[in-house]
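Encoded as structure tokens, the structure appears first; notes follow it.
Just so it is clear, none of the values below were taken in a lab; they were calculated from the coordinates. No experiment lies behind these values; they were computed from the predicted model shown. For neighbour counting, all protein chains shown are included, and Cβ atoms are generated from backbone atoms with ideal geometry for every residue, glycine included.
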Amino acid sequence: MPDGAIRSRVTVEEIRDFAARDFPGNPSVCEEVGPGWAQVVLSASTGHLRPGGIVSGPTIFGACDAALYYACFTVLGIEPMALTSDLAIRFLRPAFGPLLRARADLVSTGRRNLCGNVIAFTDSPSEPVAVAQGVYVHPAARGPRPGA
């Protein structure tokens, strides 16, 4: 990487360690990260499937949320209290297959809000099963509450 190039503030291993310690039931596993982006993979079990073998909407939503959370870490470092402020999803087609991936790309990183787009897919990112857009809030940027 050239000198002065932007780097991620976390590694895949750091995110995996954090998730294993603080979110042991989270089915989405960090697969890749880079500056301003993260990708998760989820191995769909029977509990994640609707009738017909389709990955359920709540499962896809959760993977998109996890990907955006981890993308925020690439800018903030591990920040457990980064919180979802808003996440909207549009389901495009049924998600068939044992593996679901979601890739989040940050599009705006302000002092308090981090906004990003997410694509969820099974076979290819060029054939998404869902797209999402969300905002995370970095609570530490808010400072102490009056009277606290």
When the helices in the chain are scored as -39500 (n - 2.57) per DSSP H run of 4 or longer and the sum is shared across all residues, what 222 nm value do you end up with, to the nearest 500 deg cm²/dmol?
-> -7000 deg cm²/dmol
Run the dipole for the chain about the Cα centre, Lys and Arg Cβ at +1, Asp and Glu Cβ at -1, nothing else charged, and hand back the magnitude in debye, nearest 20.
-> 440
At 7 Å along the Cα-to-beta-carbon direction for both L49 and S126, put a label point, then send me their distance in nm to one decimal.
-> 2.8
Its Cα gyration tensor gives the stretch 12-142 an equivalent ellipsoid whose semi-axes in whole Å, largest first, are 24, 16, 12
Relative to the longest principal Cα axis of the chain, at what angle does helix 12-22 sit, 0 to 90 degrees, rounded to 10?
-> 90
Enter the mean projected area of the convex hull around the alpha-carbon atoms of the stretch 1-74, in nm², rounded to one decimal.
-> 5.4
How far, in degrees from 0 to 90, does helix 57-76 lean away from the longest principal axis of the Cα atoms of the chain, to the nearest 10?
-> 30
Quick calc: nm separation of the 7 Å Cα→Cβ label points for R16 and L99 -> 1.4
Taking neighbour counts of Cβ atoms within 10 Å as a proxy for exposure, in what order, fewest first, do R9, R101 appear?
-> R9, R101
